[in-house]
Structures are given as structure tokens and as C-alpha cells.
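Scroll down for the structure; my scribbles are underneath it.
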Amino acid sequence: MGNREKDQTGSLMVRVLDQDLKEIDLIVVEEFVHCDTSHKDRAINTSTITSLLPSQASLFSHLLNSSSSYRDSVLNFWTSPSLPTLLTIHITNTTTLYMDYTGCKMAQSLLWEMIELEDALHWLSTLGGAFSNLGEHNPQFAVRAGTNAMKQLVVSLRCGDQTVVMKCWLFIGQSLTQQGQFCQAARVVRWVWRCCHQPPLALVSCTSKLLNMCRGVWARLRHERGRGKMSVRRLTGSGDDKR
């Protein structure tokens, strides 16, 4: 039974050629005219040529020599029972590269989105500084500074940078302080302070700058609240004197 199956399987010779078409290896699968290449008058079924990379050719040769099941599969695929088959393999270094257009388009969209968001943050930061400076003397500009800080917060949430998010909340606390809403401003500053001492912000090196900003806004809050209490006392004292 085994001899019958062997008779039905053709023989195969594999010639491996380099880029200069020089033979560098010869692999015989089953008996091919006793590996004698001088039998040129011997009939050959087909002379098939294929190209492989060096790594592919090395793997193909290794499997032919080490795996009997793979060798039988090669014989069944490339040969016919009637005549021997010559398979010529050209070693090539050319590699077909495929451009991932979908991935490139996604990366490009994400990159441009981040660039535009960062540019928007820079513009809003400049505008917010101007409003905050004018808000020292005009409460209306203090309100506009708070509105601008909320816009910065929305943009920073899309960026996903928690450090920038905390800065925006401190800008909001500064605006609330200028508007005289001391209780709300104190809650904002305390919340940012707690967040800076918890992961992930606690593990970031630039968190120390946020803590210094919290101290600055808190000192300004205490100063303005103290000034407000003094103003109330003065008004109360002047009212008592008039009475």
C-alpha cells in the first residue's frame, strides 16, 4: 500500500538561485534521476519558477528536510505522478510594503485635533489673563474671565490632560474670588488641593506647580475676604456714628 502511494507521487528537484541566478542550493525530494543534472534528455513535467525572500526560502528548505508531512504536501502540490518536476526558487530582497491608509488617516485626524485643541488653549489662556487683569477693577471682566476659564476647561477635558484641567479650575476659583463669591472659590481651591494629593496627579512631577498655584489663589482669597470684612466693619461703624 505504501509503495502504491509512492508510485502515485511524482519526484521533485528544487533549485535555489541567488540574485545573480547562480545556483546556491539543490534539494531533491524523492528520487530525481539520482540527483544527476547531466540527464538533460530526461523528460521533465514543468519547470516552475517562484521568488521568495531569504527568510522564506530558509524556512521552506528547513521544512522540506525536517518534516515528512510537509514534504508529502509539497510533492502533492507541485508534482504529478507521470513526470518529474523542477522547481526553481529565486532569492530576492525586494519586499512589498503596504501603506496602512486607514491607520494613517486616523492618526492624522487625531494629530490635527490635538494641534487645534492646544492652539485653542493658548489663545484662551492669553485672553483669560487679560480678562483677569481687568477684573481687578471691573467685576464684569471678572465674570468674563470665569466664562473664559470654563471654555478652557471644556477644551482641556477633550485633551485629557489632568494638569491643565486643574489649572482651569484654579482660574475659575480666581474669578470667583474677584467676584466676591468667597465660599464657592474656597470649595474650588480645596477640591483642587485634594486632587493634587491623590493619584494620578500625586505621581506627576509638575504637581508641585499646581500646589503653589493653590497656595497663591488661597492667599488671594484670604486677603480679599479680609478686606471685605474690614469694609463691612467700617460701614457698620460709620452707620453707628451717624446715629
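Hey, can you find the accessible area per residue of segment 142-243 for me, probe 1.4 Å, expressed in square angstrom? Could you put the intermediate results ahead of the total?
Working: 6320 Å² over 102 residues.
Per residue, segment 142-243 has an accessible area of 62 Å².
With θ set to phi - 60° and the Karplus curve 6.51 cos²θ - 1.76 cosθ + 1.60, what are the ³J(HN,Hα) couplings of segment 16-23 in order, to the nearest whole Hz, using x for Gly and Pro?
These are the phi-based 3J(HN,Hα) values: 10, 10, 7, 5, 8, 6, 9, 6 Hz.
Which FRET efficiency value, to the nearest 0.05, do you get for T92 and H62 by plugging their Cβ-Cβ distance into 1/(1 + (r/R0)^6) with R0 = 25 Å?
Given R0 = 25 Å and the Cβ-Cβ separation, E is 0.85.
How big is D, in µm² s⁻¹, for segment 44-156 by Stokes-Einstein at 4 °C and 1.567 mPa s if Rh is the Kirkwood radius over C-alpha pairs?
62 µm²/s
Suppose a student asked you for the relative contact order of segment 138-243, using Cα pairs under 8 Å spaced at least 6 residues apart; what percent would you report?
With pairs under 8 Å counted, the relative contact order is 24 percent.
What are the ³J(HN,Hα) couplings of segment 193-202, residue after residue, when phi is run through the Karplus curve with 6.51, -1.76, 1.60 and θ = phi - 60°? Round to Hz, x for glycine and proline.
Along segment 193-202, the couplings run 4, 5, 4, 5, 9, 10, x, x, 5, 5 Hz.
The values are calculated or read from the model by the stated rules, or taken from the named source; none is laboratory data. Source: prediction; values computed, not measured. Virtual Cβ from ideal backbone geometry, glycine too; neighbours counted across all protein chains shown. Surface accessibility is based on the protein's heavy atoms, side chains included, excluding ligands, DNA and RNA. Shrake-Rupley method; radii C 1.70, N 1.55, O 1.52, S 1.80 Å.
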